[in-house]
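Accompanying notes for the structure given below.
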Amino acid sequence: LTDTPGVNDPFLVRDEFTCRSLDRSDLFIVLLSAHQPLADADIALLRMLSAERARNVIVFINRIDELDGVEVEALVADVTARLAAAIPGVELPVHAGSAWLAELAQRDDAEAEEQAARADALIGPLVAARGPQPADRAARLMLGSGLEEVKRRLGSLIDLGPGHRQLAALHEDLRAELAALVTLTRRERESV
């Protein structure tokens, strides 16, 4: 797992590090800020990724907890439509959420309780779009964060992509080892 500084960084060395790490990666989660989703640099990066690996890209709009009165579904639909126009013929999955809500769900201190009470007003619309609201505060926060959807998508990408290739290679290695053991066993039996 490589967390890169991203693109459009004022320090060119960090931008270069990001671009170089793309060749060594199998899956990509491109984080967009809800304050400026899909800047020109983001579109350029997604074009570059979609040229070869579109099926291995997840787009996540973070920090939706900081927006007032914005419909999450409308934001996701807008980014999806803009991506479709900018990169025709490529369908990239777009999710939205809040890493802050996920971090808050994992904390168990007085400050987290106070912030969670404030976040409950925000979570309502986020969770309503994703199904019934769980009674447990941590489960509501995690559902509102959108990270569960990303985890499911990432899991399926791993299963169908790099994970599948690694399992196929392991299967082939095991098959070769078993064939060698069978041959050795036959020789041993014949010599006995």
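The values are calculated or read from the model by the stated rules, or taken from the named source; none is laboratory data. Computed from a predicted structure; not experimentally measured. Virtual Cβ from ideal backbone geometry, glycine too; neighbours counted across all protein chains shown. Side chains are part of the model used for accessible areas, which takes the heavy atoms of the whole protein and leaves out ligands, DNA and RNA. Shrake-Rupley method; radii C 1.70, N 1.55, O 1.52, S 1.80 Å.
Compute the length gained on full extension between residue 82 and residue 172: take 0.36 nm times their separation in residues and subtract their Cα-Cα distance, giving the result in nm to one decimal. Write down the numbers at each step before the final one.
Details: separation 90, 0.36 × 90 = 32.40 nm, distance 4.31 nm.
Roughly 28.1 nm would be gained on extension.
Grab the beta carbon distance between residue 109 and residue 158, set R0 = 41 Å, and tell me the FRET efficiency rounded to 0.05. Before the final figure, lay out the partial values.
Working: r = 33 Å, r/R0 = 0.80.
After rounding, the FRET efficiency stands at 0.80.
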Heavy-atom accessible area ranking, 1.4 Å probe, most first, across 48, 142
48, 142
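Given a Förster distance of 45 angstrom, what is the FRET efficiency for residue 51 paired with residue 133, based on the Cβ-Cβ distance and rounded to 0.05? Mind dumping the intermediate values first?
Values: r = 41 Å, r/R0 = 0.90.
FRET efficiency, residue 51 to residue 133: 0.65.
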Distance in nm between residue 68 and residue 99 label points, each 7 Å along Cα→Cβ, equals 2.5 nm
